[in-house]
1. Report relative contact order for the chain in percent, whole number only (criteria: Cα-Cα under 8 Å, sequence separation at least 6).
2. Using only helices, what value at 222 nm comes out for the chain when you add -39,500 (n - 2.57) per DSSP H run of length 4 or more and divide by the total residues, to the nearest 500 deg cm²/dmol?
3. Could you work out the relative contact order of the range 153-258? I mean the mean sequence separation of Cα pairs under 8 Å and 6+ apart, divided by the number of residues, in percent.
4. Which of Val141, Val207, Val63 ends up with the largest GNM mean-square fluctuation for the chain, with Cα atoms connected below 10 Å?
5. Taking every Cα atom in the range 146-208, find the radius of gyration and the maximum pairwise distance Dmax, and write them in Å.
6. Over the chain, give the accessible area per residue in Å² for a 1.4 Å probe, as an integer.
7. When a/c is below 1.5 the answer is rounded, else prolate if a/b is larger than b/c, else oblate, so apply that to the range 238-283 with a ≥ b ≥ c taken from the square roots of the Cα gyration tensor eigenvalues.
8. With no solvent and one equal point scatterer per Cα, compute the Debye intensity ratio I(q)/I(0) for the chain at 0.07, 0.14 Å⁻¹ and report its log10, rounded to two decimals.
Amino acid sequence: MAGNAIPDIPLNDGNTIPQLGFGVYQVEPKDTVAAVRRALEVGYRHIDTAQMYGNEAEVGEAVRTSGLDRSEVFITSKLNNGFHRPEDARRAFESTLSALRSDYVDLFLIHWPLPTRYDGDFVATWRALEGFQRDGRARSVGVSNFQVAHLERLAAEAETVPAVNQIEVHPYFGNEEVRAYGHKHGIQTEAWSPIAQGRVLGDPTIVDIAEQSGRTQAQVVLRWHIQRGDIVFPKSNTPERIEENFRIFDFELDDTAMERITSLDQGDAGRQGPNPDTFDYLPD
Ligand code: NAD
């Protein structure tokens, strides 16, 4: 699309990922085919799902019936928290492929490190994911919600450096320490809840910058992420917003606007989601 080309970000394993995608957390299975289809029509070529979201099959269906070739769409999924034991991870990974009705996934992540579960052994889980990449069924593998200490442990004990770390990042929670570790070690940051599920919209600084740039607040915040080099996949069920969130490559924020948004960081108090050091949720 003229003026709105989505950059491909190189990963440390030689693959690339579109910097903008479409997230489907909290998209009901019954709404998922329509939402993903709309996103693909608008031009998104990267979908972020997870076993936990319960809509992998619908994501697969939307891609399969889109008229696009499977190879044109980058699909990420994530291992659910109940399946960290390697044999469970292998079974769960196969269930992802069969739900998607694809013989591979572009990116597969450990959804949460769960350091207080499974004797804190996310390294064994990570080794299972390394196997999926070796046998070609996961083109890339990575982690999500890993803190610096968790990444350091993988660096010390595992063969492969994760291609990405998908973490909470938005103007109220910059998550700078984890981002900086990734930057230094070739781990690409994916910013989840990039607009803090809507909470940063209405902030006077964001309102002001949106007015100055003639863009919507959501576009301004998403553009801030893009200029920081992170990968984003905003979620919306609304066709107009799906399109609005896509139109972020035909304008630029100047340094002052970037700094003003960055300075909204509230540290840990700004978190929208749980702290990965203590999060221990296991599905029923
Ligand atoms: P988000 O920051 O993308 O916000 C989504 C919400 O913001 C929508 O439900 C809607 O209410 C609102 N919204 C979206 N576009 C808007 C617009 N243009 N104008 C006004 N309001 C708008 O939040 P999210 O869905 O939590 O995060 C995005 C994706 O990140 C998820 O869908 C999922 O793929 C991923 N994610 C991953 C994790 C993880 O643990 N790895 C956790 C949360 C989310």
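1. Taking the mean separation of contacting Cα pairs over the length of the chain, I get 20 percent.
2. Mean residue ellipticity, 222 nm, calculated: -11500 deg cm²/dmol.
3. Relative contact order comes out at 23 percent.
4. Residue with maximal mean-square fluctuation among Val141, Val207, Val63: Val207.
5. Gyration radius and largest Cα-Cα distance of the range 146-208: 14.2, 47 Å.
6. 42
7. oblate
8. For the requested q values the scattering log ratios are -0.24, -1.00.
The values are calculated or read from the model by the stated rules, or taken from the named source; none is laboratory data. Bear in mind that the values here come from a model prediction, so they are computed numbers and not experimental data. Heads up, the Cβs are rebuilt from the backbone with ideal geometry, glycines too, and the neighbour counts pull from every protein chain shown. Just the protein is used for accessible areas: all its heavy atoms, side chains included, with ligands, DNA and RNA removed. Shrake-Rupley method; radii C 1.70, N 1.55, O 1.52, S 1.80 Å.
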